[in-house]
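Here's the structure we're looking at; comments come further down.
The values are calculated or read from the model by the stated rules, or taken from the named source; none is laboratory data. It should be emphasised that the depicted structure is a prediction, and the values quoted were computed from it without experimental measurement. A quick note on method: Cβ atoms are made from the backbone with ideal geometry, for glycine too, and the neighbour counts reach across all protein chains shown.
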Amino acid sequence: MSVDSSQAKTQAAKPSHRRAWVLIIPFIAMVIPPLFNYREPSIAGLPFFYWYLLLWIPLTAFLTWVAYRR
Amino acid sequence: MAITVFTVLFVLAIVIGFMASGWKRSDLSKLSEWGLAGRRFGLVLSWFLMGGDLYTAYTFIAIPALVYGTGATGFFGIAFATIAFPLLFLIFPRLWQVAHRHGYVTASEYVRGRFGNRWLALAVGLTGILATMPYIALQLVGTQVVFGAIGYVGSGWLTYLPLIIAFAVLAIFSATSGLRASAFIAILKGVLIFLTVIVAIIVIPAQLGGFSAIFEKVPPQNVLLVWPTGENWGSFSAFSTLALGSAFALFLYPHAVTGLLSSASGRIIEQNAIVQPVFNIVLWFLAILGFAAVAAGVATDPAFSDGFKQYGPSFALLALMMKYFPDWFVGVAFAAIAIGALVPASVMAIGSANIITRDIWGEFVHAGTEESRQLRDTSIAKIFALLMVVAALVFVIAIPLQYVVQFQLLGGIWVVQTFPAVALSLFVRHWLTGWGLFIGWLVGLVTGTWMVASLGFTASVYPLHLFGITIPCYIAFASGLLNLVVALVLTPLFRNAEAGADETELADYAAPAE
């Protein structure tokens, strides 16, 4: 290893993703059925259960991006 | 017409496989070049490779089949695929960093370095390989269903001839081009899959009269999850534990690890975690098509009775496409699925070969100088990749489908048992020990297998009885939790003996300063 290994050691302690906690949100949203196991409100005949899950796909991507930004 | 279009596209995929060795030409006799494409894949290639790798032909057929048969519960697949990416984002860049620093090619190699315990590493490696074998076999099964539906039929053993040819060729280009082949075919696959599913979701529901009409024809008990009672948490706990357990397991499979370690940096993995979910939208569309198949009444359509008799609900998606797509587009759609099998099958073979070479053969069988090891490594890996594909072919031809599916079930439960050793160890330094993890792994494996066996190998959800309530729980989840508890409890016992066994340092897991 090179000269920067001692610098690297101290840098390792610095949290690089301060907003990583937002990632708990998709877990809660998609893994607790009482939150979404409903027909209404439906959109164009599609029950809530289904469009809710669909919506959480881009939402999760967005939250991951939020966590990614330094 | 369909069969012509299909064949042309399939052959194109194979040609790409052979030509891929020319990308960023380098010494393919080095294992990291063959098995990880030199760790050079940027975001675009990683997106296609991981997408093609994780969303397999089996996935495309099995998810609609599950929704077709059981309705809302099948959508656990959407939940699991979506939450898997935050997990990936948090965990895998660290694995990439430490693997990059120390030249690890497999998760098992990392475990050996982290804990200095070759037996734990062997356990992790073997688990990965055993879990992968039925998964490769199921890709072949998916391909065989498509071949049969498109018109490549024969009697007796001739039925399998196209499959044998296709996968013999796959074995060869995997051996020559390595992971580059998988990545470039994945581009073709991605394009075809997106095209097919977007057309399907626009055309088919419209033909059926919209979503209201579709859901009217679905049996009411399948439209939503069944609400639990006080005594039985029923489909709710099944859904949650299936989603969570599968998400934790997904990235532990050798083909996922291989795909991820081939990225050019930890940042790429993070970026991919943000953009990969576009594939989940495709998955959602496919799941909805499961309901469309119910509404279209394909099961009662005499044109498809042979297919359903032979393949059951797995035929639903194909029947739906044959009913509503013009003939030439059926060729495109089926090619998308069949090519969809080539990518994961090749990465699975390569990932398993990497493990056998570095963690089994290299570690336990072959001793020798460092230089002679390097030279032999890749040749051995190529042979093993070939053997994995041959083994999968034998599986598919000789073993009844239900056993392959059951083996796959077990594989998922086994692979989760490596989570503490491979993933948790990236974060937890003093509360995990090599032997504690090994025993935890063993306990999880045995308990999980016993639970599946007690259900006659038919289901993956076990009804736990706690405090007078019946809680159906995904077996991987329950046994994985037990595994973790055992490993943690045993830590004080082994901690002192293992001090100094770790060859990695805290700094190894962090990205270099920017």
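What the table shows:
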item: Pair list, Cβ < 7 Å and 6+ apart or interchain, from segment A:49-60 residues that are more than 7 Å from chain B (Cβ to nearest Cβ) to residues that are crowded, with 18+ Cβ neighbours inside 10 Å and not in a helix (DSSP H, G or I); result: A:TYR52/A:PHE36
item: Segment B:478-504 residues that are closer than 16 Å to B:VAL111 by Cα, paired with ones that are charged (D, E, K, R) (beta carbon under 6 Å, 6 or more apart); result: B:ASP502/B:ARG114; B:THR504/B:ARG114
item: From B:LEU426, B:LEU409, residue being crowded, with 18+ Cβ neighbours inside 10 Å and either acidic (Asp, Glu) or without any contact (Cβ under 8 Å) to a residue 60 or more places away in the chain (or both); result: B:LEU409
item: Total residues in segment B:108-159, condition free of Cβ contacts under 8 Å to residues at least 60 places away in the same chain and assigned to a loop (DSSP other than H, G, I, E, B); result: 3
item: Qualifying residues in segment B:448-501 (those that are in contact with a strand residue (DSSP E or B) (Cβ under 8 Å, 6 or more places away or on another chain) and among the small types (Gly, Ala, Ser)) - the one surrounded by the most Cβ atoms within 10 Å (Cβ to Cβ); result: B:SER460
item: Qualifying residue in segment B:201-217 (condition: touching a helix residue (DSSP H, G or I) at 6+ places or on another chain (Cβ under 8 Å) and not in a helix (DSSP H, G or I)); result: no
item: Conditions (1) of a type outside the set (Ser, Thr, Tyr); (2) at positive phi; (3) over 20 Å from the mean Cα position of the chain (by Cα): number failed by B:GLY178; result: (3)
item: Tabulated pairs, segment B:220-237, first in contact (Cβ under 8 Å) with a residue 24 or more places away in the chain and farther than 13 Å from A:ASN37 by Cβ, second of a type in the set (A, V, I, L, M) and surrounded by fewer than 16 Cβ atoms within 10 Å (Cβ to Cβ), C-beta under 9 angstrom, 6+ apart or interchain; result: B:GLY230/B:ILE469; B:GLU231/B:ILE469; B:ASN232/B:ILE469
item: Residue check for B:LEU49: in a helix (DSSP H, G or I), buried (at least 24 other Cβ atoms within 10 Å of the Cβ), touching a strand residue (DSSP E or B) at 6+ places or on another chain (Cβ under 8 Å) and not charged (D, E, K, R); result: yes
item: Enumeration of residues in segment B:79-107 that are within 14 Å of chain A (Cβ to nearest Cβ), of a type in the set (S, T, N, Q) and not in a helix (DSSP H, G or I); result: none
item: Filter result for B:ALA213 (among the hydrophobic types (A, V, I, L, M, F, W, C), surrounded by fewer than 19 Cβ atoms within 10 Å (Cβ to Cβ) and touching a residue at least 60 places away in the same chain (Cβ under 8 Å)); result: yes
item: Only listed residue being surrounded by fewer than 22 Cβ atoms within 10 Å (Cβ to Cβ), out of contact with any strand residue (DSSP E or B) (no Cβ under 8 Å at 6 or more places or on another chain), at pLDDT 90 or above and not in a loop (DSSP other than H, G, I, E, B), chosen from B:VAL67, B:VAL5; result: B:VAL5
item: Test: residue in segment B:8-31 that is touching a Pro at 6+ places or on another chain (Cβ under 8 Å), within 26 Å of B:LEU318 (Cα to Cα) and in contact (Cβ under 8 Å) with a residue 40 or more places away in the chain; result: no
item: Matching entry among B:GLY259, B:GLY312, B:GLY307 (being of a type in the set (Gly, Ala, Ser), buried (at least 23 other Cβ atoms within 10 Å of the Cβ) and in contact (Cβ under 8 Å) with a residue 40 or more places away in the chain); result: B:GLY259
item: Checklist (1) within 14 Å of chain A (Cβ to nearest Cβ); (2) outside any helix (DSSP H, G or I) applied to B:ASP27, failing item; result: (1)
item: One residue from B:ALA72, B:ALA79, B:ALA65 being farther than 25 Å from B:SER182 by Cβ and in contact with a Ser or Thr (Cβ under 6 Å, 6 or more places away or on another chain); result: B:ALA65
item: Which numbered condition B:VAL105 misses (of (1) under 19 Å from the mean Cα position of the chain (by Cα); (2) modelled with pLDDT of 90 or more); result: (2)
item: Number of positions in segment B:236-245 that are over 18 Å from A:ILE24 (Cβ atoms) and either more than 10 Å from chain A (Cβ to nearest Cβ) or surrounded by fewer than 24 Cβ atoms within 10 Å (Cβ to Cβ) (or both); result: 2
item: Any pair with Cβ under 6 angstrom, 6 or more apart, that starts in segment B:339-361 at a residue that is farther than 13 Å from B:GLY128 by Cα and ends at one that is outside any helix (DSSP H, G or I); result: B:PRO344/B:THR56; B:ARG358/B:VAL105; B:ARG358/B:THR106
item: Residue in segment B:246-258 that is at pLDDT 90 or above, facing chain A (nearest Cβ under 9 Å) and assigned to a helix (DSSP H, G or I) present; result: yes
item: Among (1) part of a helix (DSSP H, G or I); (2) more than 13 Å from chain A (Cβ to nearest Cβ) - the single one B:GLY74 does not satisfy; result: (2)
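Residues are listed down the side, and each one gets a yes or a no for (1) at pLDDT 90 or above; (2) in contact with a Ser or Thr (Cβ under 9 Å, 6 or more places away or on another chain); (3) within 12 Å of B:PRO134 (Cβ to Cβ); (4) not β-branched (Val, Ile, Thr):
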residue: B:SER379; (1), (2), (3), (4): no, yes, no, yes
residue: B:PHE384; (1), (2), (3), (4): no, yes, no, yes
residue: B:LEU393; (1), (2), (3), (4): no, no, no, yes
residue: B:LEU409; (1), (2), (3), (4): no, yes, yes, yes
residue: B:PHE419; (1), (2), (3), (4): yes, no, no, yes
